[in-house]
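Below: one structure, written as structure tokens.
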Amino acid sequence: MNNSILISSDVINTIRSLPADQQFSIVSALAGEMIFGAVVGDELSDEEKRLYAVIKSAVCRDSMPHRCQSSKV
């Protein structure tokens, strides 16, 4: 697998600022989708889905330069 996933300190701090139950839900969904290819569905509440979308966007944005570099190797 050549795709890198970068989780920046900003993303970690954002996740840590959430209540504990939301932290677990968001991180589980993120890992499930990005590592295992799982589909994020009804296991997240509407609020968690919005948070997940923002966090996933940040992870994808932060990871993009590393994906480009790893494809050159």
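Scanning the stretch 28-37 for residues that are farther than 17 Å from Ala53 by Cβ and either among the charged types (D, E, K, R) or not in a loop (DSSP other than H, G, I, E, B) (or both), we see that the one that is most open to solvent (accessible area, probe 1.4 Å) is Phe36.
Taken as a whole, the condition of being open to solvent by 50 Å² or more (accessible area, probe 1.4 Å), at pLDDT 95 or above and over 13 Å from the mean Cα position of the chain (by Cα) does not apply to Pro65.
Within the stretch 38-54, the set of residues being under 12 Å from the mean Cα position of the chain (by Cα) and not in a helix (DSSP H, G or I) comprises just one member, Val40. In the stretch 5-27, the residue that is most open to solvent (accessible area, probe 1.4 Å) out of those that are among the polar types (S, T, N, Q) and in contact (Cβ under 8 Å) with a residue 12 or more places away in the chain is Thr14.
The values are calculated or read from the model by the stated rules, or taken from the named source; none is laboratory data. In this text, all values refer to a predicted model and were calculated from it rather than measured experimentally. In this analysis, Cβ positions are derived from the backbone assuming ideal geometry, glycine residues included, and neighbour counts consider all displayed protein chains. The area values use the complete protein model at the heavy-atom level, side chains included, leaving out ligands, DNA and RNA. Shrake-Rupley method; radii C 1.70, N 1.55, O 1.52, S 1.80 Å.
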